[in-house]
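Report on one structure; see the data block that follows.
The values are calculated or read from the model by the stated rules, or taken from the named source; none is laboratory data. Note that this is a predicted model, so its numbers are computed, not measured. Using ideal geometry, Cβ is built from the backbone for each residue, glycine included, and neighbour counts are taken over all protein chains shown.
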Amino acid sequence: MIPLRQFHEAGLKLEESATPFGSASNQHVFGLDIQGDRFRMWKPEHVITQVQARDAKMRQVVLTVKEPLTTFTLEVPKHMVAPRDRVLRTFKSGRSVVAEVERKTSPETRYFLCGVDERNHPFIAQLPGIATSVQKAHELLKPQELRGQKVKGHGKNVKVRGKKKTVYRQGEWFMLPLNVDDLAGVEAYAQKHGTVKAVRLGGRMGRGKPHTADEQIVVPDGVVVRAAVYMRGKLRHVEHDTLDFPNWVRVVRNTEVGGATQGATWVD
């Protein structure tokens, strides 16, 4: 049985999928995705799922999945082929190039954070470790350098003028403030090399709907300034409140795992 009651008690909608994900041949593979305002799950009888923790106020749960090592196939946009994927074939689908890839599930117990964001949009994130609470899951998704620090999650069209040490988050992205020296160094680099306007964070490899920054620069290794991605101005996303950074900030992605579970490879 899928954990309908536990999701419902956390204020989340979950329904059982009528068919396996990808193709009929994947009937032995666990699948989890999002359809509109609800989660959809395909759970073979031999797969064990359990809601490890839930937070009804935040409307989020920690879900564990245990299944044996299994090989399955999946069609993904060619630019989203992972290094570990075995590409079986590529083909045109409309204007896009699609790859049929072979993947393997993990025999290790996997942990997922499932819930809704500030605008009640569902999300899924595979965690990089064990979480026994929703709060622990949030900590695991933070980059190592931010563990234990407070993060401001969102603000409606907010002008970011808080404390200089405030870290902000929009979806899977964290924005870190710079000290005076680093800010001067980034500004000097931007003036010398220019910036990219209205650009998607993460570039072409970004998943899901884009988070778009007014200005962005990517500083390579071998420069006085720390090698990283930096942005300035408004950061927009159709499912999140807009953030507005008057000064350059360093951008870091969360630590979610791009696992083999079908459909469960993003957080947004």
Practice problem: Report the residue count in the stretch 218-236 for those that are at pLDDT 90 or above and buried (at least 20 other Cβ atoms within 10 Å of the Cβ). | Solution: 4
Quiz prompt | Selected residue (criterion: modelled with the highest pLDDT) from residues of the stretch 19-54 that are aromatic (Phe, Trp, Tyr) and not in a strand (DSSP E or B) | solution = Phe30
Quiz item: Quick one: in the stretch 10-28, which of the residues that are in contact (Cβ under 8 Å) with a residue 24 or more places away in the chain and small (Gly, Ala, Ser) is surrounded by the fewest Cβ atoms within 10 Å (Cβ to Cβ)?
Solution: Ser25
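Condition check: outside any loop (DSSP other than H, G, I, E, B), farther than 21 Å from Thr166 by Cβ, assigned by TED's automatic domain parsing to the domain that holds Thr166 and not polar (S, T, N, Q). Does Val229 satisfy that?
Working: outside any loop (DSSP other than H, G, I, E, B): yes; farther than 21 Å from Thr166 by Cβ: no; assigned by TED's automatic domain parsing to the domain that holds Thr166: yes; not polar (S, T, N, Q): yes.
Judged against the criteria, Val229 is not a match.
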Practice problem: Can you give me the ranges of the strands (runs of 3 or more DSSP E) entirely in the stretch 139-214 with at least 1 residues that are of a type in the set (S, T, N, Q) and at pLDDT 90 or above? | Solution: 167-170
Quiz item: Which of the residues that make up the stretch 107-138 are among the aromatic types (Phe, Trp, Tyr) and outside any strand (DSSP E or B)?
Solution: none
Quiz prompt | Within the stretch 90-106, tally of residues that are surrounded by fewer than 12 Cβ atoms within 10 Å (Cβ to Cβ) and part of a loop (DSSP other than H, G, I, E, B) | solution = 2
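Would the stretch 99-106 turn up any residue that is in contact (Cβ under 8 Å) with a residue 60 or more places away in the chain, among the aliphatic types (A, V, I, L, M) and not assigned by TED's automatic domain parsing to the domain that holds Lys209?
Taking every residue of the stretch 99-106 in turn, none turns out to be in contact (Cβ under 8 Å) with a residue 60 or more places away in the chain, among the aliphatic types (A, V, I, L, M) and not assigned by TED's automatic domain parsing to the domain that holds Lys209.
Give me the residue from the stretch 60-89 that is assigned to a strand (DSSP E or B) and of a type in the set (A, V, I, L, M) and, out of that set, surrounded by the most Cβ atoms within 10 Å (Cβ to Cβ).
Step one: of the stretch 60-89, the residues assigned to a strand (DSSP E or B) are 60-66, 71-77, 86-89.
Okay, now just the ones that are also of a type in the set (A, V, I, L, M), so 61-63, 65, 74, 76, 87-88.
Details: Val61: 26, Val62: 25, Leu63: 28, Val65: 23, Leu74: 20, Val76: 17, Val87: 12, Leu88: 12.
It comes out as Leu63.
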Practice problem: State whether the residues of the stretch 79-98 include one that is of a type in the set (A, V, I, L, M), out of contact with any Ser or Thr (no Cβ under 9 Å at 6 or more places or on another chain) and modelled with pLDDT of 90 or more. | Solution: yes
Quiz item: In this structure, does Val76 turn out to be farther than 17 Å from Leu127 by Cβ and outside the structural domain of Lys209 (by TED's automatic domain parsing)?
Solution: yes
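Please enumerate the residues belonging to the stretch 232-244 that are assigned to a strand (DSSP E or B) and in contact (Cβ under 8 Å) with a residue 60 or more places away in the chain.
Scanning the stretch 232-244 gives Leu235, His237, His240, Asp241, Thr242, Leu243, Asp244.
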